[in-house]
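Only one structure is covered here, and it is reproduced in the block below.
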Amino acid sequence: MYLDNAGATPMSPEAEAAMKPFFARVFGNPSSLHVQGRKAKQALESFRKSAAHLISALPEEVVFTAGGTESCNLAILGAAQALEKKKAHFITTAIEHPAVLEPFLKLEKLGHVVTYLKPDKEGFISAAQAGRAIRPDTVLVSVMYANNEIGSIQPIAEIGSLLYKVNMQRQKQGLRKIYFYTDACQAGMLDLSVKNLGVDLMTVNGGKMRGPKQSGLLYVKNGTRLLPQTLGGGQERGLRSGTENVAAAAGFAKAFEQVQAKRQVVCKNVASLRNQLGKLLIQKIPGLVLNGPGLDSPFRLPNNLNFTVPKVEGESLLIYLDAAGISVSTGSACSTNSSKPSHVLKAIGLSEDLIRNNIRITLGVNTKWQDVEYVSRTMPELVKKIQKVRNDL
Ligand SMILES: *Cc1c(COP(=O)(O)O)cnc(C)c1O
């Protein structure tokens, strides 16, 4: 029973099939002028067109990358390096993924100033809060669309329209435009129209939406100045050199199309199963606390559950669950250093002990009622067992 879909998703059979022709049959280098090259180029551009359509962007605004981390780095470091000034101000949140936080830490080391917005106890950042943090020297606001640990969905469109107004004023004052970036790696099931969101930069991640790992895109709105982080042959409009991975683009475009086509129905079905599982677990495990937004909140990812389990270390529970055939995660699986307490749970006000008692369950499109039934039966028993062992010590 795979319930760690925020960590990785199984590839859809259609995405897998879409990739196949581009390994040995249509293998040409898209930059080559001969027939094999032209075929690869034509295919690549068709995938770019379909991905662009899904986010209401122009094909030329889509930069294919090797996934979430690379896109985040390109957006943040690329925007910073394109500045004339050596010291500028950036705004982000305390609950971003390391792929965003680490580039900002690097910018701080280089002398830039970064404001980390603190979420409320459910994990939300407000547009007003972002507005209050703006300074004359602010150059970029970076707010993740949906959090990978607790599933809180941020008001990206609201922040986008606030920044639009702020930028109108700044233009009159002769101040530089503030770019708006969102890491939408966990938001495949949500509205990703860049027009609705008002973003200049956005990361979409194939590996988190049933496409291949290390696939995805960075949306770069026309006119947005970025410096490349990978130098070479000048592919992807000079922003991402290296022979294009046409197979990855094929799998990504197909998976993205699938998740967006059925997103409303899938969201509803997954949320319904998630709510049943959440309610059963809360009913059966005394003292179990849900972290993040409430189950009835429309601003919680439909597949996400995150719990503090009383007197049970998340890692112990994970191992017991694994032995019972249930795969879940604790804190953040995105980090290899799993002993580091979650910065997200810390930011929403949990104490160190409670952070360790954490378990994350993320459903997928393949999750069935039988899975919910089995987990809601098995997990309470295992929790009791671990608590008893602990008490006997
Ligand atoms: C997974 C993830 C990333 C990093 O993506 P990779 O596929 O590991 O490169 C970045 N941000 C968020 C929110 C994520 O969930």
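The values are calculated or read from the model by the stated rules, or taken from the named source; none is laboratory data. In this text the structure is predicted, and so the values were computed from the model without any measurement. Counting neighbours? That spans all protein chains shown, and the Cβs are built from the backbone with ideal geometry, glycine included.
Laid out as a table, the results:
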read-out: Subset tally (residues that are exposed (fewer than 13 other Cβ atoms within 10 Å of the Cβ) and among the charged types (D, E, K, R)) for segment 21-44; value: 1
read-out: Test for V114: is it without any contact (Cβ under 8 Å) to a residue 40 or more places away in the chain, away from the ligand (no atom under 15 Å from the Cβ) and surrounded by fewer than 24 Cβ atoms within 10 Å (Cβ to Cβ); value: yes
read-out: Pairs, first closer than 13 Å to Y2 by Cα in segment 323-334, second within 15 Å of the ligand (Cβ to nearest atom) and at pLDDT 95 or above, C-beta under 6 Å, six or more apart; value: S327/D4; V328/D4; S329/D4; S329/G7; S329/R360
read-out: Options K86, K121; residue that is in a loop (DSSP other than H, G, I, E, B), over 24 Å from Y164 (Cα atoms), free of Cβ contacts under 8 Å to residues at least 60 places away in the same chain and more than 16 Å from the ligand (Cβ to nearest atom); value: K86
read-out: Selection from segment 231-267 of residues that are surrounded by 16 or more Cβ atoms within 10 Å (Cβ to Cβ) and not in a helix (DSSP H, G or I); value: Q235, L239, R240, E244, N245
read-out: Of the criteria (1) crowded, with 24+ Cβ neighbours inside 10 Å; (2) in a helix (DSSP H, G or I), which one M202 fails; value: (2)
read-out: The lone exception for E149 - which of (1) assigned to a helix (DSSP H, G or I); (2) within 16 Å of the ligand (Cβ to nearest atom); (3) of a type outside the set (K, R) it fails; value: (1)
read-out: So V100, is it crowded, with 24+ Cβ neighbours inside 10 Å, within 17 Å of the chain's Cα centre (by Cα) and within 18 Å of F299 (Cα to Cα); value: no
read-out: Hits in segment 315-350 (condition: modelled with pLDDT of 95 or more, over 17 Å from the mean Cα position of the chain (by Cα) and over 23 Å from M379 (Cα atoms)); value: K346, A347, I348, G349
read-out: Scope segment 49-92; condition touching a Leu at 6+ places or on another chain (Cβ under 6 Å) and more than 26 Å from G211 (Cβ to Cβ); matching residues; value: A80, Q81, A82, F90
read-out: Odd one out for V289 among (1) crowded, with 17+ Cβ neighbours inside 10 Å; (2) aliphatic (A, V, I, L, M); (3) under 25 Å from the mean Cα position of the chain (by Cα); value: (1)
read-out: Scope segment 304-317; condition touching a Ser or Thr at 6+ places or on another chain (Cβ under 6 Å), assigned to a helix (DSSP H, G or I) and crowded, with 22+ Cβ neighbours inside 10 Å; matching residues; value: G314
read-out: Residues satisfying the stated conditions in segment 65-83, i.e. among the aliphatic types (A, V, I, L, M), away from the ligand (no atom under 16 Å from the Cβ) and over 24 Å from R132 (Cβ atoms); value: A82
read-out: Close pairs from segment 182-207: first more than 20 Å from P302 (Cα to Cα), partner assigned to a loop (DSSP other than H, G, I, E, B) and of a type in the set (S, T, N, Q), Cβ under 9 Å, at least 6 apart; value: V194/S56; K195/S56; N196/S56; D200/T224; L201/T224
read-out: Any hit, segment 158-177, residues being free of Cβ contacts under 8 Å to residues at least 60 places away in the same chain and within 16 Å of the ligand (Cβ to nearest atom); value: no
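Residues checked against (1) touching a Ser or Thr at 6+ places or on another chain (Cβ under 7 Å); (2) more than 21 Å from N304 (Cβ to Cβ); (3) crowded, with 17+ Cβ neighbours inside 10 Å:
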{"residue": "G123", "(1), (2), (3)": "yes, no, yes"}
{"residue": "A128", "(1), (2), (3)": "no, yes, no"}
{"residue": "G131", "(1), (2), (3)": "no, yes, no"}
{"residue": "I134", "(1), (2), (3)": "no, yes, yes"}
{"residue": "V143", "(1), (2), (3)": "yes, no, yes"}
{"residue": "L163", "(1), (2), (3)": "no, yes, yes"}
{"residue": "Q171", "(1), (2), (3)": "no, yes, no"}
{"residue": "D183", "(1), (2), (3)": "yes, no, yes"}
